[in-house]
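Right, one structure below, let's go through it.
Any read-out appearing in this document is the output of simple, stated calculations on the displayed coordinates, not a laboratory observation. As the structure is a prediction and not an experimental result, all values here were calculated from the model. Glycine also receives a Cβ, built like all others from the backbone with ideal geometry; neighbour counts cover every protein chain displayed.
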Amino acid sequence: MSADARPVLRVTDLDVHYRRGTGRLHALRGASLTVAPGETVGVIGETGSGKSTLARAVLGLVRPSGGRIEIAGGDVTGHSTRQWRALRRRGVLQYVFQDPLRSLDPDLTVAESLIEPLLVQGRPRREATELARAYLDRVHLDEELLHRLPGELSGGQRQRVAVARALVTDPELIILDEPVSALDSANRVRALELLKQLRDSGAALVFISHDLGSVAGIADRIAVLYQGRVVETAPARELVNAPRHPYTRLLVSSAPTLSSAAGDRARREALRELLHV
Amino acid sequence: MVRRLLALTSGRIAAVILALIALLALLGPLLSPQDPLAGSADILADPGPHHWLGTDYLGRDVLSRLLAGSRLSVLGALQVTVMALLVGVIPGILSVYLGRAFEWVTLRLADTLIALPFLVFAVAVTALLGNGIPQAMLTVGIMVSPLFFRVSRAATLSVARSQYVEAAIIAGASVGWIVRRHVWTKVLPPIAIALAHTAGVGFVVVSSLTFLGIGVRPPAPTWGGILASDLGFLSYRPWAPLLPTALIMATVWACNLLADAIRDVSGEAGRALLDNRKLRGRLAVAGRGA
């Protein structure tokens, strides 16, 4: 986690805009983010702040209009479709979707979904199945689930399958998009436990969420995204205890915890005023 | 897939009927007790020991004609189907993946084909390529292909934007992989239903072309052709049209049954697609057009 190690992800001044009719919608304006190997970085921000766009740009699903993205030391900003495919096949980079039910093909068994990234890499089916079995064990899922369809699993089990699928290629970086927001609170705690385990596996994690509470407990550092910019990056504890940017202060003071429920409403309103100026 | 199909009663019934029809198409002409083209003085005869199903208006043995006609009819319907698959389904799926230019051209082509009057097109093709069954089937296949194009494109579009396809893209899957593994299984059931529909329409179209002397030349028997000529002598042999009709109906029914069975075994995504009202509406509209 040392700062001088080659970062697994470095995003510099990233600009992304979408065309909306005749106008443009700026989703990201000069966002920067660095993730060191093995580090867990939380990215928080409200709806529309550009969290998902940031993830999609890093995954190569959205073309940036400016800035630079480096993955595992290589500049991928100008990659062609073919180069992206080659990069993805190496399995360095994985993504866990927000909704595990929709991210698993309803017609494929758990086993088929799990081995897909390995088969795409060109590994033999037998070897892939063995690996999938091992990873299923790592996320504490029973082997008999291998032959079930996603529709026959519970929400928590599906989430585990999605996480196991992200793990099978032994990635250096896993991006998780709101991995717990689709789960009920009991499963959420279990999923967070799973993410801690994931962190211990050595992969760097980028944990995207709108909820500071679920990020704060697991991330080493937190980056706050506001209107397409990373307005503050700080170690998790520091960010929660001594937020600097007004938006971060607003986020911290409006986190729905029991202690802040009685918090100072006037202060929150003052911060909102400040942001609207 | 095949095993799961045969596990269903409807799938088994459909398979048996279609197998019988295929057998008929293969062996039918050999089984004909008499020359299907040879006329006799004994016209419009009732069924008897000599002519089991009677004779038509030229005194030809109806049983022989039905048996001999099975090959042409089934082959014709098959040719239409294969043509529609080639010209409709494959471009329909690829139109989603091969970029804007290909998409634009195929969509406009499909629109053009829908707007084209069928018979005029059939006559034009015959004039250009000569008269023959393959040419006629080519024409019919191309004319029904917009239905397949639209059905497969709609189904592909709804799958292509799904998260599991995106997950496959992130895993580095190629377009071919995605189509084989994720798209095809979802596109197949609506296509199967459109196919069953077309096979039925195909028999009727073969006969309507026969009227014009396009494709099948008049003396050669087909189920549709026999039906058409029987209809002209309803007052003499009112039950006669029932025979070719029964054969056509059995085939169409078996195709529909098979389509239903495919839908039932094709999993949730396929069913969801078929329950999609828009797609059903499109099928209905396109069906009317054909």
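See the values below:
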read-out	value
Within chain A, helix-based [θ] at 222 nm, where runs of 4 or more DSSP H residues each add -39,500 (n - 2.57), nearest 500	-11500 deg cm²/dmol
Pairwise FRET efficiency - B:Leu116 versus B:Ala246, Cβ, R0 = 30 Å, nearest 0.05	0.35
Residue order, fewest to most surrounding Cβ atoms within 10 angstrom, among B:Trp177, B:Trp104	B:Trp104, B:Trp177
When the convex hull of its Cα atoms is projected in every direction, mean area for the protein assembly as shown (nm²)	33.3 nm²
Sorted by Cβ density within 10 Å, fewest first, the residues A:Ile115, B:Ile193	B:Ile193, A:Ile115
Relative contact order %, segment B:2-289, counting alpha carbon pairs below 8 Å whose residues are six or more apart	23 percent
Cβ charges +1 (Lys, Arg) and -1 (Asp, Glu), total dipole of segment B:83-238, debye	240 debye
Nonlocal amide H pairs with A:Glu232, under 5 Å, H built at 1.01 Å	A:Val224
Amide hydrogen neighbours beyond the local backbone of A:Gly42, cut-off 5 Å, H modeled	A:Phe207, A:Asp220, A:Arg221, A:Ile222, A:Ala223
Cα-only Debye scattering, chain B: base-10 log of I(q)/I(0) at q = 0.14, 0.15 Å⁻¹	-1.04, -1.14
Simple spin-label estimate for B:Leu98 and A:Leu25 in nanometres, 7 Å along Cα-Cβ	3.1 nm
Dipole magnitude of chain A about its Cα centre (Cβ charges: Lys, Arg +1; Asp, Glu -1), debye to nearest 20	840 debye
Cβ-based net charge around B:Thr245, under 14 Å, with every Lys or Arg adding one and every Asp or Glu removing one	0
Proximal charge balance of A:His245 [Cβ under 11 Å; K/R count +1, D/E count -1]	+2
Whole-Hz couplings from phi, Karplus 6.51/-1.76/1.60, listed for segment A:15-27; x for Gly and Pro	10, 9, 9, 9, 7, 10, x, 8, x, 10, 10, 7, 8
Amide H contacts under 5 Å for A:Gly66, placed H, 5+ residues apart	A:Asp15
Degrees between helix A:185-200 axis and first principal axis of chain A (Cα, 0 to 90, nearest 10)	80 degrees
Proportion of all alpha-carbon pairs of segment A:76-214 beyond 23 Å (%)	32 percent
DSSP H segments from chain B that extend 20 Å or more along their own axis, Cα-based, with Kyte-Doolittle mean of 1.0 or above	B:9-31, B:62-84, B:133-160, B:184-212, B:242-265
Helix A:155-167 vs. chain A, principal-axis angle (Cα, 0 to 90°, nearest 10)	80 degrees
FRET E, pair A:Asp184, B:Ser40, Förster distance 60 Å, beta-carbon r, rounded to 0.05	0.15
Computed magnitude of the charge dipole of chain B (debye, nearest 20; Cβ of K, R +1, Cβ of D, E -1)	1100 debye
Karplus (6.51, -1.76, 1.60) ³J(HN,Hα), θ = phi - 60°, over segment A:55-66, in Hz, Gly and Pro reported as x	4, 5, 5, 5, 7, x, 8, 10, 8, x, 9, x
Relative contact order (%) - criterion: Cα under 8 Å, at least six apart; region: chain A	24 percent
Sum of side-chain charges, A:Ala234 neighbourhood, beta-carbon under 9 Å (Lys, Arg +1; Asp, Glu -1)	+1
Radius ratio Rg over Rh of chain A, counting only Cα atoms, Kirkwood formula for Rh	0.98
